[in-house]
Amino acid sequence: MKVKIYYCVEHGSGAVIPRHHVAPYSVCEDMDLVELDHVRSVLPAQIIDNLIKKGEVRVSDIELVEKLSGKRVENSYIKLIMLPK
């Protein structure tokens, strides 16, 4: 099975509006399309199980993000999405 890898960085709104909550937003970059076995060799079994069960998973552990993306940026995460056969 194929897995799509997105590298995302979360940003704040930059504007403070009194009495309003402004959610942060993420900017994501399409990184790669890999076989499930590649992801399996990098990530813990629990994350792989969630990916298979839910079809997608967010990986925010900075060490794992760096292993998959080669980048180490604060507030970054990896989004993995399983693609149908």
Mean 1/r over distinct Cα pairs of the chain, inverted to a Kirkwood Rh in Å, yields 13.8 Å
Whole-percent tail of the Cα-Cα distance distribution for the range 43-85, cut at 13 Å, equals 52 percent
Summing -39500 (n - 2.57) over every DSSP H run of at least 4 residues in the chain and dividing by its residue count gives a helix-only mean residue ellipticity at 222 nm, to the nearest 500 deg cm²/dmol, of -7000 deg cm²/dmol
Number of Lys pairs in the chain closer than 21 Å at Cα, excluding neighbours under 8 places apart unless interchain, is 17
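Quick note: the coordinates plus some simple rules give every number you see, no bench work behind them. If you're wondering where the values come from, they're calculated on a predicted model, not measured in any experiment.
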